[in-house]
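In what follows, a single structure is set out as structure tokens and then discussed.
The values are calculated or read from the model by the stated rules, or taken from the named source; none is laboratory data. None of the values given here were measured: they were computed from a predicted structure. Reconstructed Cβ throughout: ideal geometry from the backbone, glycine too, with neighbour counts over all protein chains shown. Heavy atoms of the whole protein, side chains included, go into the accessibility calculation; ligands, DNA and RNA do not. Shrake-Rupley method; radii C 1.70, N 1.55, O 1.52, S 1.80 Å.
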Amino acid sequence: MQILFREIRSTPLLWMLAFVPIVLVAEKAAPHSHTLLFVLAVLAIVPLAALLSHATEAVAAKTGDAVGGLLNATLGNLTELIIAITALRAGQYMLVKASIAGAIVTNAVFMLGACLLLGGLRYHVQEYNRAGARLSSGLLLMATVALLAPSAVADLDHLPQGGGILNKLSLGISVLLIAAYALGLLFSLVTHKELFASADHGDDNEAHWPIGLAVGTLLVVTVLVALVSEIFVESVQKAAETFGMSPAFVGFIVVSLVGAAAEFAVAFAAARKDRLDMAVSIALGSASQIALFVAPALVLLSYVVGPRPMDLQFWPGAVTMVMIATVTSAFITASGRSAWFVGALMIFIYAVFALTLYVVPPAGQG
């Protein structure tokens, strides 16, 4: 525990953990102060996600960059998954769908671009293993095509009313996506793992937490994130109206940025250490994992915890942004080399998406 307390004292971001008990007390004392609870919940989730990143980095240090990137992407997505499940139980399906699309775009464009920018500002040119980037890009492209299918056929005239057909289609696609994700893990971690070995560069001689402390921290932080996420989801709709934001913007931008804080911390640090294999693996691996596992898992969970089954029909703007993000990330990572200006361009693309969604919300949310 002394190691944990020393880490908190030496990391200013973790000082924000004080907001965790504050938001829990505020929820009991003033349950109808939705704007205040929303702000406090965001301020509490960010340090929890950062603490999660420290614990996952300690576990990932025992593995190679490929497995470490997978582990960081998996546990980093835990925050977003908990928030999405909480929204699913509350029946806020627009928020869930927006968070899915937003997480894919945020990871594939903003996180990847920021990693290339931060690494490029320190190193003139950086190189990374193209095989891992190609695999994640290929999986993400396949998942994007699958997610496009329900939206593409939703407006066909001969479909019966009621949404039953879309639910069946979404259920079948969800099973296929999870199967594809499992095969991708088998390919990259078992049958062809030699293709994804990372280059031996960068400086990573720092000490990491003991495994026991890391696992214990993961368990405690997961519980706290679940508690704070429930407060976040309950307050988000009223708070969004106060700030002039639509539920789609909150899910697409706010939830995805807050939920990915853990992955940001690890990926940005890896890029600054010239471990771009790790950074690209986290960014693209997280995006493909959201599309291949988190989205279909939420569809399946909606039959158990949701008020009604959820389909994979997204509004046209979300579909367009996800496809552009997928193609952009595949194009950018094809060369295996990067410089800071490439990252800057990707961040500008993300800024265009955010501005468009804020100014022109989806139909029915203006």
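Against the condition open to solvent by 40 Å² or more (accessible area, probe 1.4 Å), at negative phi and in contact with a strand residue (DSSP E or B) (Cβ under 7 Å, 6 or more places away or on another chain), how does residue 308 come out, does it pass? Answer is no for this residue.
In region 337-357, the residues that are in a helix (DSSP H, G or I) reach residues that are loosely packed, with under 15 Cβ neighbours inside 10 Å and among the aliphatic types (A, V, I, L, M) with C-beta atoms within less than 9 angstrom, at least six apart or across chains, in these pairs: 340/121; 343/121. Scanning region 10-38 for residues that are among the hydroxyl-bearing types (Ser, Thr, Tyr) and at pLDDT 85 or above gives 33, 35. Considering region 6-15, the residues that are within 24 Å of the chain's Cα centre (by Cα) and open to solvent by 50 Å² or more (accessible area, probe 1.4 Å) include one that is farthest from residue 42 (Cα to Cα), namely 12. In region 311-347, how many are of a type in the set (D, E, K, R) and open to solvent by less than 50 Å² (accessible area, probe 1.4 Å)? Final tally of qualifying residues: 1. Of all residues in region 91-104, none satisfies being more than 21 Å from residue 348 (Cα to Cα), among the small types (Gly, Ala, Ser) and at pLDDT below 85. Considering region 295-317, and only residues there that are closer than 14 Å to residue 146 by Cα and outside any loop (DSSP other than H, G, I, E, B), the residue that is farthest from the chain's Cα centre (by Cα) turns out to be 299.
Quick one: in region 89-120, of everything that is polar (S, T, N, Q) and within 12 Å of the chain's Cα centre (by Cα), which residue is most open to solvent (accessible area, probe 1.4 Å)? My answer is 99.
For (1) modelled with pLDDT under 85; (2) touching a Phe, Trp or Tyr at 6+ places or on another chain (Cβ under 8 Å); (3) at positive phi, each residue gets a yes or a no:
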residue	(1), (2), (3)
261	yes, no, no
270	no, no, no
289	no, yes, no
304	no, no, no
317	no, no, no
330	no, no, no
340	no, no, no
343	no, no, no
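Pick from 80, 7: which is of a type in the set (D, E, K, R), assigned to a helix (DSSP H, G or I), modelled with pLDDT under 90 and touching a Ser or Thr at 6+ places or on another chain (Cβ under 9 Å)? Being of a type in the set (D, E, K, R), assigned to a helix (DSSP H, G or I), modelled with pLDDT under 90 and touching a Ser or Thr at 6+ places or on another chain (Cβ under 9 Å) holds for just one of 80, 7, which is 80. State whether the residues of region 247-268 include one that is without any contact (Cβ under 8 Å) to a residue 40 or more places away in the chain and either assigned to a helix (DSSP H, G or I) or more than 12 Å from residue 103 (Cβ to Cβ) (or both). No, that holds for no residue.
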